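First up is the structure itself, then whatever we jot down about it.
All of the numbers you see were taken from the coordinates with simple rules; none came from a lab. From a predicted model like this one, the values you see are computed outputs, not experimental measurements. Don't worry about glycine lacking a Cβ; one is built from the backbone with ideal geometry, like all the others, and counts go over all protein chains shown.
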Amino acid sequence: MIELSNLSMHFGGVVALDNVSVKFTAPVSGIIGPNGAGKTTTINVISGFLPCSGSIQYMEEEIGQLPAYKRSRWGLRRSFQKEQIADDLTVLDNLKVILDTQPRSTIKTGLSADHALEATGLQDKRFTMAAQLNNYERRMVDIARCLIASPKIIMFDEPGGGLSSSETHALGELISVVHSLTGANTLLIDHDVDLISQVCQETLVLDFGKRIAFGPTRNILSDPKVRSAYLGIEEVDG
Amino acid sequence: MKRFLPLLWLVLAALAVFILVAGKTPFRISGLFLVSGLAVGALYSLGGIGLVVLYRATGVLNLANGAIGALGVMVAWQLGHWGVAPSLTWLAALVLATMVSLIFGRLIAPGLAHRDPVVKTVATLGYALVVLGITAFIWEDDVRKFSLPTDQMAAIILDLRFTVTRMIVIGTAIFIVIVIWLYLDRTRVGLQMRSLANDRQLAALIGIRIVRVETIAWGISGVIAGFTGLMFGDLVRLEPFVITFMVIPSIAAAICGKLESLVGVLVGGFTMGIIESLLTLSPTLKSIRPVAPFVIAAIALFLMQGGRPLVFARD
Amino acid sequence: MTISRQVWLGLIAFLAASISLPSIGSGQWLSILTSTSCFVIAITGVAFLYARLGMVSLGQVALMGVGGWVMLRMNHAYLLPFELNLMVAVVVTMVFGWILALPALRMRGLYLALITLMAAGGLEVIFATFRFPNGGEGFWGVMPSVAAPFRRPEIAQSDSAYLRYLITFVALGFAIIRLHLSSAPGRAWAMIRRSEAAALASGVNVTYYKAWGFGLSGALAGLAGAFLAGSLGLLDASTFRASESILLFALAVVGGVRYWYGVVIAALLLRVLPALFNNWSLDPDLALIIFGAALMHSIITAPQGIAGQLNDLLAKLRGKHD
């Protein structure tokens, strides 16, 4: 269970997050909203890249005070809008970067690098230089990195960027099994409403840094308030 | 107001040095060093201003500015040696410096448009070597002197003797900061320059002609470099290597302004010059006085640590 | 060329070099090779820092000066063996480098380049003012007349033995870096180079690993400077000017920062080319023009330097063979 309480953050004069409070309990939760709504800001705040007021708790454990690099060791993983893998390293070494920083306990109990690579279909590319991978494979490496060594919270920021619709569907299937593979809670940001409804049990809607709505995904996506704010469709009276 | 706090400590430091080092010396004497320090400090500021204006508009920290200035002043000296009128030699220096700056800006910098600032800066280092090499190659190693007619003229202000050259330099530094500030704030091109600095891609998208704005920035930077070179040649030493590496204290001044605030550069440069000059009066510290600008910049850098490390700084 | 091929090539080159080079008779060329080898060590430090971490150090020669200074001071102040003095020189230079660079390590990469440049400028003044120790009294240890002798290693007294000893350390330097690259620090560095944010998100303590990298680079500079001191017995401030630090970085890029042979090429350009120019009565300023142009060319179009282009050539030739 991930609980954000009164999260507020501003850049100079702009309020990026306005007192956002939400309790994520489902295995996979979505975060949607128009551009500039504060979705990426939210996960950047959870990552520890941005200072904020308010608290971030996982199972009653406060992580908002940890410096960014320690949060990963604690069990936070994420991917970025643009894949971030090191071209200089092999696929396996890209995973080892995270394993190097993890305490023994989480490595023992968690998914091994080999298992993670199998789950993402990269077991044959273990020793391939990351520079030689195609876009889909690079995304998969990003995801494999999130699966190893007992993650507690995994956050995906628009992981479907640049993927074809069949690749996106495969991605969705993978995200759906993350919880059974690792026991982690997943947060998924995306604009692809099909992916969100395929994968997320509950969804948070943000606009202008504020929480607009939160609840089971099907309800959220048919909520007229959400549709007008996010999908730009006129709010129908009555 | 909080922004100006670090500048305040700079001024206080200069004051402290003055009291500690020159407290016992009669003002008549310490004043001389104060004046010369102000002038050299103005030059550091000018160098820093040229760097910062260009950096803000293009993301390039042009380490070749010193070399460009050196080439300019050597040409000015050579023309003067051949009997050309002084005002024409100055003009030649400024025009040449501007052209050399524009050559890099229009022909070489575009090849680096999408690279990160460190790479762009390293490229200017290469250019500095080329320009310095050409200058040193053309003019054999020799002791030369560059002087302006204004060196002989002087005025007495507050009981201190200021040569007109020094007054020009100090005045120009302050004048340029004001002019550029007004330019960036009030003119359309200035506004375009500021939006370029903010977000280049966005600026292109809203129709700002990037090449035109950048050319102007390179031109302004070149003129300032040329002028600074002339003055370094007059007030410090006429030697290509020395003038080329005067870019280093200029960088120190630029750092005091955090690579963006012209007022910060101005205050930083002046205090560096003053402290460096006043240290001549201290028997213990006088041998390491040239190190003063670097120490000040290092402390400034250290104090800048205040905020959180920028994880997403696009640079 | 794959990594293991590079390593084999390196081993062969090392053996060949340590057998053949010290046997070159002429004193002048022996001394040039010795100073070149010192610079290979220093350039290695700058090269891996830029290639693997994207960090620019424009003060490496100045740090060599610090290493050389400590070596000379230790040699004249106490009667400790060469190796011990060497270790002290390396550690002091490393710590000195850290003190200079630490504030910049948490800021944008540009600031490290600037601060190392300023350090180069500042140290140039200090070396010129206080000169290098030659057996005199006091902290600075300088006396006006002829210098006191320098104690070389027990097993490497003669010039050619010293060169062989030095070449071993060159190989050691490369080996240490290769070891780093194949293990956790190297992986962390690669991630940092890709993106500091991604590195943080992977649990990498970015500042710590950047400091580690810079410390290693400084240690290598100290090693190089110490060996230079031992080779010449006395150091002169003109060797450690700011322009030399800039040239060193420029040539590292031109030579090729990713490969050991790129570093060797850079050292040859830095040390041997000016000597050749001298022999052919060419103006040394021409070297500046050539190096500056080569740097701009490398940075813009050939990021892997001369070594990279040799690699491509070799690959093409091998392609033709098959």
Between B:GLN152 and B:SER87, Cβ-based FRET efficiency (R0 25 Å, step 0.05) works out to 0.95
Student exercise: in chain B, how many lysine pairs 8 or more apart or on different chains have Cα atoms under 29 Å apart? 5
Pull out a ≥ b ≥ c, the square roots of the eigenvalues of the alpha-carbon gyration tensor of segment B:1-112, then state rounded if a/c is under 1.5, prolate if not and a/b is larger than b/c, and oblate in the remaining case. oblate
Mean Cα-pair separation over length for chain C, i.e. relative contact order, pairs under 8 Å, 6 or more apart, %: 31
Radius ratio Rg over Rh of segment A:1-119, counting only Cα atoms, Kirkwood formula for Rh: 0.99
Using the basic label-point model (7 angstrom from Cα toward the beta carbon), what is the C:THR301 to A:SER105 distance in nanometres? 5.8
Suppose R0 equals 41 Å; then what is the FRET efficiency for C:MET87 and C:SER4 from their Cβ-Cβ distance, rounded to the nearest 0.05? 0.85
Report the label-to-label distance for A:HIS169 and C:GLU137 in nanometres (one decimal), using points 7 Å from each Cα along the Cα→Cβ vector. 9.1
Cut-off is 10 Å between beta-carbons; in what order do C:TYR78, A:TYR136, B:TYR44 appear when sorted fewest neighbours first? C:TYR78, A:TYR136, B:TYR44
What does the net charge come to around C:GLY10 if you take all other residues with beta carbon closer than 14 Å to its beta carbon, with K and R at +1 and D and E at -1? +3
I need the trypsin sites (Lys or Arg not before Pro) found in segment B:119-213, filtered to DSSP loop residues with at most 16 other beta carbons within 10 Å of theirs. B:LYS145, B:ARG209
How many angstrom separate the Cα center of segment A:136-186 from the Cα center of segment C:146-183? 50
Where the convex hull is taken over the Cα atoms of the protein assembly as shown, what is its projected area averaged over directions, in nm²? 42.8
Sorted by Cβ neighbour density within 10 Å, fewest at the top, the residues A:CYS146, B:CYS256: A:CYS146, B:CYS256
Relative contact order for chain B, counting Cα pairs under 8 Å that sit 6 or more residues apart, in percent: 37
Rounded, prolate or oblate: pick one for segment C:106-164, where a ≥ b ≥ c are the square roots of the eigenvalues of its C-alpha gyration tensor, a/c under 1.5 means rounded, and failing that, prolate if a/b is larger than b/c, else oblate. oblate
Which whole number gives the average count of other chain Cβ atoms within 10 Å of the Cβ atoms across peptide A:40-48? 1
C:LEU251: net charge of surrounding residues, Cβ under 13 Å, Lys/Arg +1, Asp/Glu -1, itself excluded? 0
Going by how many other beta carbons lie within 10 Å of each one, how would you line up B:ILE224, A:ILE154, fewest first? A:ILE154, B:ILE224
Between C:LEU273 and A:SER228, what is the FRET efficiency for a Förster distance of 45 Å, r being their Cβ-Cβ separation, to the nearest 0.05? 0.05
From the mean inverse distance of alpha carbon pairs (Kirkwood) and the Cα radius of gyration, derive Rg over Rh for segment B:27-301. 0.97
DSSP H segments from chain C that extend 18 Å or more along their own axis, Cα-based, with Kyte-Doolittle mean of -1.0 or above: C:3-20, C:27-53, C:60-77, C:82-105, C:109-130, C:159-181, C:206-232, C:242-255, C:260-279, C:284-300, C:305-321
Output row, site A:THR128, 7 Å Cα→C-beta label point, backbone N cut-off 12 Å, window segment A:83-112, residues A:91-92
For A:81-90, what's the mean count of beta carbons from other chains sitting within 10 Å of each residue's beta carbon? 5
Which shape class applies to segment C:1-160: rounded if a/c is under 1.5, otherwise prolate when a/b exceeds b/c and oblate if not, where a ≥ b ≥ c are the square roots of the Cα gyration tensor eigenvalues? oblate
Separation of the C:PHE130 and B:VAL236 label points, Cα + 7 Å toward Cβ, nm: 2.3
Using the membrane-span-like helix rule (whole DSSP H runs, Cα extent along the own axis of at least 18 Å, mean Kyte-Doolittle hydropathy at least 1.0), which helices of chain B qualify? B:5-22, B:27-58, B:86-103, B:117-138, B:164-186, B:210-235, B:262-278
Average partner coverage of B:289-298, which counts Cβ from other chains inside 10 Å: 5
In a shell of Cβ-Cβ distance under 14 Å around B:GLY48, excluding B:GLY48 itself, what net charge do Lys and Arg (+1) and Asp and Glu (-1) give? +1
Please list C:62-75, A:111-124, C:238-251 highest first by mean number of surrounding beta-carbon atoms within 10 Å per residue. C:62-75, C:238-251, A:111-124
Cα centroid separation - segment B:51-105 against segment C:69-134, whole Å: 35
Which pairs in the list A:LYS70/C:LYS210; A:LYS23/A:LYS96; A:LYS96/A:LYS125 are over 23 Å apart, alpha-carbon to alpha-carbon? A:LYS23/A:LYS96
Work from the charge dipole of segment A:110-199 (Cβ charges, +1 for Lys and Arg, -1 for Asp and Glu, about the Cα centre) and give the residue of A:SER180, A:GLY110, A:SER165 farthest towards its positive end. A:GLY110
